[in-house]
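Peer 1: Structure provided below as structure tokens; questions to follow.
Every number here is computed from the coordinates shown, using simple stated rules; none is lab data. Small disclaimer: the values here were computed from a predicted structure and weren't measured. A quick note on method: Cβ atoms are made from the backbone with ideal geometry, for glycine too, and the neighbour counts reach across all protein chains shown.
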């Protein structure tokens, strides 16, 4: 059996508490607060203690979906990525850069937010980028 | 936050206004309790009797949307008694005279009429805050989610500058950022007017810097915020929307309008870890990876950049969002070939002065608080020491304005919305966590026992809440946490979606919707 603990940062609120995810055979099975991270010093709130629970939820999305004949249908990554890039390109060509808009996310990493706005600005050519900072 | 979280415990007066800290930022609340144990005075200004209020030295319950009046009243008392810090005002600020002129029109008796807060309590707040050695302000969405959100924040800045309670250890103005990486998303330029590190898109030197770095022609036209994107979709000027890890079908005001907007999109892409109500409307849904399945960094509310580490492979065929974005970009004709998030951070650091010294090898341990301009810089614990970022601190003369929607005969009750301790935002994560879901499996409506009696409503009865935007059915919870005439409900629950009711009227500058105030009526459900 493969057991590991991985130090990471909580994904709920803006406190940024440090915690260990306990991993057993590729599944996150538990959460342990970290004592040496400065924000939480070994404490967690009720959400933090339970953060491992949604990771393996049976409701997780695990395959790309494309709407076909009105219904979202499983598709391969190749098809989904080509379709996405292709449709975005067509709309940009036909209606101009500012006819596209992007909502980045307060839930994904800094690096991912950087790439989303870089794609919007450098590839598409629009500053129509926002996220739910106000919500 | 201008301060770091740990400093709060060394403040000797903490004013918490519009933050339900124990529910929404429990580990910040820990520091507030520690300060209290050390003898700090704790002042809570909140329309609801939140948990922190039970430990407060003073709790005032201002009427919804009257924060500017309350803060002006506090500052009027400070000025009238000469408790302000004239040396700080002279050396470090500008615009004082115009500010003083407006503020002097808010004596406590007038303010008491507007806010419902007793004049003597306003005097006490003023004295405690102004005379403290190190007073800290803590605020959250109760301040910002108003049509006067910017005014509210400026009024808090006025208060801190007037008393010199900023720019030192344990004293400053501390907005608590709601989402784990909302600070980082802003820092990374996920905003329509700025690149990374708040570098404006319409300043030619900055535009040129990014054009050279990204090898692309960039627009200097400020883009659309979420409300603008949604109306653009309805009007037809916006054709495609790409949503990553957001759920506007529950998080945005007037959900019926949001649905109309999203259904108008010629092409809607949603990248998420769950099939949210927003994803259900998409043309393409791309499965992203959760925080446990990828490397990266988050920036917390005290500007601390911390590592996120991959614990497991993405579930099923899900992929890390940075990898998906690169694939889409490359297929779009703009190749992106970063081999790791660490490489992306290197590019961020090169282009972003406040992140200039941040590299992954420095982030083990405690992380780094920006500004961190170079590799030898230790990071910055609190902001505005010695001088403000803009040079002199600018006072704003601000008049009180009522909320966009006020009660009338047809809609005689005030509704305000917020969060609970076991759920998070639109509930996509917490409601898929069995332990958290079990703690609170459904939404509820707080109603004062007096109003409940008048309507013949008992605990657990289903009631219909009706606003000008729509109506919902929810179970009533009579409680004196809210005052007569005021209702509260959390917005986490799709079955009783509070944002069907809320008012999309928003602040003219920040475009933040007025989630904290709207007018409704209450009926017993059949």
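Peer 1: Do the sum for chain B: with -39,500 (n - 2.57) for every DSSP H run of n ≥ 4, divided by all residues, what is the mean residue ellipticity at 222 nm, to the nearest 500 deg cm²/dmol?
Peer 2: -8500 deg cm²/dmol
Peer 1: What are the equivalent ellipsoid semi-axes of region A:96-135, built from the alpha-carbon gyration tensor (square roots of five times its eigenvalues), in whole angstrom, biggest first?
Peer 2: Ellipsoid semi-axes (Å, largest first): 18, 12, 5.
Peer 1: What is the P(r) of region B:27-68, as percent of Cα-Cα pairs per 10 Å bin from 0?
Peer 2: All Cα pairs considered, the percentages come to 29, 49, 21, 1.
Peer 1: Convert 10 °C to kelvin, take the viscosity as 1.306 mPa s, use the Kirkwood radius over C-alpha pairs of the protein assembly as shown as Rh, and evaluate the Stokes-Einstein diffusion coefficient in µm²/s, rounded to a whole number.
Peer 2: For the chosen part, D equals 63 µm²/s.
Peer 1: Using only the alpha-carbon atoms of region B:265-376, report the extent along each of the three principal axes, biggest first, to the nearest angstrom.
Peer 2: 48, 30, 24
Peer 1: Multiplying the sequence separation of residue B:203 and residue B:169 by 0.36 nm and subtracting their Cα-Cα distance, what value in nm do you get?
Peer 2: 8.8 nm
Peer 1: With each pseudo-label sitting 7 Å past Cα toward Cβ, what's the residue A:41-residue B:51 distance in nm, one decimal?
Peer 2: Result: 1.9 nm between the two label points.
Peer 1: If you don't mind, another one. With each pseudo-label sitting 7 Å past Cα toward Cβ, what's the residue B:256-residue B:340 distance in nm, one decimal?
Peer 2: Once both label points are built, they end up 5.3 nm from each other.
Peer 1: If I stretch the segment between residue B:119 and residue B:453 completely, what's the gain in nm (0.36 nm per residue apart, minus their alpha carbon distance), one decimal?
Peer 2: Difference between extended and current length: 117.2 nm.
Peer 1: Another question about this same structure. Bin all alpha-carbon pair distances of region B:390-483 at 5 Å intervals from 0 and give each bin's fraction as a whole percent.
Peer 2: Percent of pairs per bin, in order: 2, 10, 15, 17, 17, 12, 9, 7, 5, 4, 1, 0.
Peer 1: Suppose R0 equals 41 Å; then what is the FRET efficiency for residue B:94 and residue B:58 from their Cβ-Cβ distance, rounded to the nearest 0.05?
Peer 2: Calculated value: 0.80.
Peer 1: Suppose the Debye formula is applied to equal point scatterers at every Cα of region A:3-54; what is log10 I(q)/I(0) at q = 0.20, 0.24, 0.27 Å⁻¹?
Peer 2: So the normalised log intensities are -0.60, -0.84, -1.02.
Peer 1: Efficiency by 1/(1 + (r/R0)^6): what FRET value for residue B:387 and residue B:509, r their Cβ-Cβ distance, R0 = 25 Å, to the nearest 0.05?
Peer 2: Step by step, r from the Cβ atoms, then E = 0.55.
Peer 1: What is the helix-to-structure angle for A:77-95, meaning the angle in degrees between its Cα long axis and the longest Cα principal axis of chain A, kept from 0 to 90 and rounded to the nearest 10?
Peer 2: Approximately 50 degrees, to the nearest 10.
Peer 1: Using the beta-carbon distance between residue B:37 and residue A:25 and R0 = 30 Å, what value does 1/(1 + (r/R0)^6) give for FRET efficiency, to the nearest 0.05?
Peer 2: 0.10
Peer 1: At what distance in nm do the modelled label points of residue B:408 and residue B:475 sit from each other, each positioned 7 Å from its Cα along Cα→Cβ?
Peer 2: 3.5
Peer 1: State the Cα centre-to-centre distance between region B:384-412 and region B:316-370 in whole Å.
Peer 2: Centre-to-centre (Cα) distance: 36 Å.
Peer 1: So for region B:328-428, considering every pair of alpha-carbon atoms, how many percent are separated by more than 23 Å?
Peer 2: Percentage above 23 Å: 65.
Peer 1: Let me ask you something else. What number results when the radius of gyration of region B:224-285, computed over Cα atoms, is divided by 2.2 N^0.38 Å?
Peer 2: For region B:224-285, the normalised Cα radius of gyration is 0.98.
Peer 1: Mind listing the Cα extents of chain B along all three principal axes, in Å, largest one first?
Peer 2: Projected onto the principal axes, the Cα atoms of chain B cover 65, 64, 43 Å.
Peer 1: Taking chain A as a Gaussian network, where each spring joins two C-alpha atoms under 10 Å apart, which residue of A:42, A:18, A:70 fluctuates the most?
Peer 2: Residue with maximal mean-square fluctuation among A:42, A:18, A:70: A:70.
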